[in-house]
Amino acid sequence: MYIRAASNISPQNTFGNQPFLSELVEYTGDLLSCIEPDYKTLIDPKLIRRMSRIIKMGVAAGMDCLQQAGIPMPGAIITGTAYGCLDDTNTFLSKMVQQNEEALAPTAFIQSTHNTISAQIALLLQCHNYNNTFVNGGASFENALLDAMMLLYEGTAANVLVGGIDEITANSHAILKRMGLYRRFPGSNFELLNIPGKGTMAGEGAAFFMLSQEASGNDWAKIEGVSSFYKPRSIAEIQQHINTFLLTRHIDINEIDLVITGNNGDLKNDTVYGQLQQYDFAHIPAISYKALCGEYPTSSAFAMWLAAHEIKNDVCSFVPQSNQIPLKKVLIYNHYQNIHHSLILLSAC
């Protein structure tokens, strides 16, 4: 399974022809917001004014990915999102209360469903092929990936556009903060992992990938496997899942050149990663990615973009030059609130 192209709108300068994370963006507080591009280069300006922020981000990332791959019509469009179009949902519900359920404009309701982004891309392309959206919390992107891989293995589609998208709004941020997910005191994302505490920083993003069963000669990376598991009872069970995942792919853990983990600065959340890095990943270079994009259910899409980009450039941006080795295999391990755990293994083509 090959990644032919990838596009990522995130809190960092990751979209378009930007130098790869050459200038990291610092945020102070408990929220990392996406740096949005000029949408008019990718979307008809007449349509932009009817799109909410997350729809614009998702459609722009998807269309940019298609342009990079040189594929005008994908064989399938699959997205993963936990929250969907939160702003549209909030707008519709608020107006329903304010207007006493009368004379409601339909736009916000139509665009509030979770599958709006994949549907908008299909409408713009006039694509009548397979279209699906997975809404499975912290496993949404992984399930979208698995669905894409099955379509390609079965030969149902020659190429698949797959993405992970989630946004943070003022209301959702306030609710999740009240539940204790985010930090009470402002801080810098650069210090997020250096000063662990209770809670983390909220994030958001839209990342899309063009996947193909056949190599094109100019692919970013190869997907060796994807796996997710739910609410492991102990660290031993997590270790067993990792060992089984690698064993079924005939890979020894010592063959992994880089591990990308989902540390987010929350003491409770990072305990699992600390134990794995002390034992299982002790002799493998490891980096964390959530200080760049924040915490959100489909952040593993950002991690996969990061891993693919590192493999494509054959360099690890966050490891000293003296310690650089060729990146042949990169393992991503992430969990969301210790509920949904996932493993994604990429290799050089």
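The values are calculated or read from the model by the stated rules, or taken from the named source; none is laboratory data. Small disclaimer: the values here were computed from a predicted structure and weren't measured. No Cβ is skipped: glycine too gets one built from the backbone with ideal geometry, and neighbour counts run over all protein chains shown. Please note that ligands, DNA and RNA were not included when accessible areas were found on the heavy atoms of the full protein model with its side chains. Shrake-Rupley method; radii C 1.70, N 1.55, O 1.52, S 1.80 Å.
Return the percentage of antiparallel bridges among DSSP beta bridges fully within the stretch 76-218, rounded to the nearest 5 %.
Counting only bridges with both partners in the stretch 76-218, antiparallel ones make up about 40 percent.
Among the GluC sites (Glu not before Pro) found in the stretch 69-147, those both in a DSSP coil and sparsely packed, with 11 or fewer other Cβ atoms within 10 Å of their Cβ, are Glu101, Glu102.
Between Ile35 and Cys349, 0.36 nm times their residue separation minus their Cα-Cα distance comes to what? Let's see the in-between values first.
Values: separation 314, 0.36 × 314 = 113.04 nm, distance 3.04 nm.
Answer, rounded to one decimal: 110.0 nm.
Treating only the Cα positions of the stretch 129-222 as identical point scatterers, give the base-10 log of I(q)/I(0) from the Debye formula at each q in 0.12, 0.20 Å⁻¹. Treating every Cα as an identical point scatterer, log10 I(q)/I(0) equals -0.58, -0.98.
Any idea of the accessible area per residue across the stretch 114-153, 1.4 Å probe, to the nearest Å²? Each step should come with its number before you reach the end.
Numbers: 1650 Å² over 40 residues.
Dividing the accessible area of the stretch 114-153 by its residue count gives 41 Å².
Peptides 181-191, 1-11 ranked from most to least packed, by the mean per-residue count of other Cβ atoms within 10 Å: 1-11, 181-191. Think of the chain as having a plus end and a minus end, set by charges on the Cβ of Lys, Arg, Asp and Glu; of His173, Phe209, Phe92, Phe92 sits farthest toward the positive end of this dipole. For the chain, the alpha carbon positions stretch 63, 48, 38 Å along the principal axes, listed from largest to smallest.
Descending by average beta-carbon neighbour count within 10 Å, the peptides 203-214, 296-307, 127-138 line up as 296-307, 203-214, 127-138, the highest first. For the chain, list the DSSP H helices whose alpha carbon atoms reach 15 Å or more along the long axis and whose average Kyte-Doolittle value is -0.5 or above? Passing helices, by number: 53-69, 86-98, 140-154, 235-247, 300-313.
Place a point 7 Å from the Cα of Met150 along the Cα-to-Cβ direction; which residues of the stretch 204-239 have their backbone N under 17 Å from it? Only 225-230 fall inside the zone, counting backbone N under 17 Å.
So, by mean Cβ neighbours within 10 angstrom, what's the order for 37-43, 50-56, 168-174 with the highest one leading? Working shown, then result.
Numbers: 37-43: 14.9, 50-56: 20.9, 168-174: 16.6.
Descending mean neighbour count gives 50-56, 168-174, 37-43.
For the stretch 4-94, the Kirkwood hydrodynamic radius comes to 14.9 Å, computed from all pairs of different C-alpha atoms. Assuming a viscosity of 0.890 mPa s and a temperature of 25 °C, what translational diffusion coefficient in µm² per second does Stokes-Einstein assign to the stretch 25-162, Rh being the Kirkwood radius over Cα pairs? D, rounded to a whole number, is 149 µm²/s.
Taking N as the number of residues in the stretch 222-349, what value does Rg over Cα atoms divided by 2.2 N^0.38 Å take?
On the way: Rg = 13.6 Å, N = 128, 2.2 N^0.38 = 13.9 Å.
The value comes to 0.98.
With the simple spin-label model, which puts each label point 7 Å out from Cα in the Cβ direction, the Leu47 to Gln99 separation comes to 2.5 nm. P(r) tail, the stretch 202-289: Cα-Cα pairs separated by more than 18 Å, 58% of all pairs.
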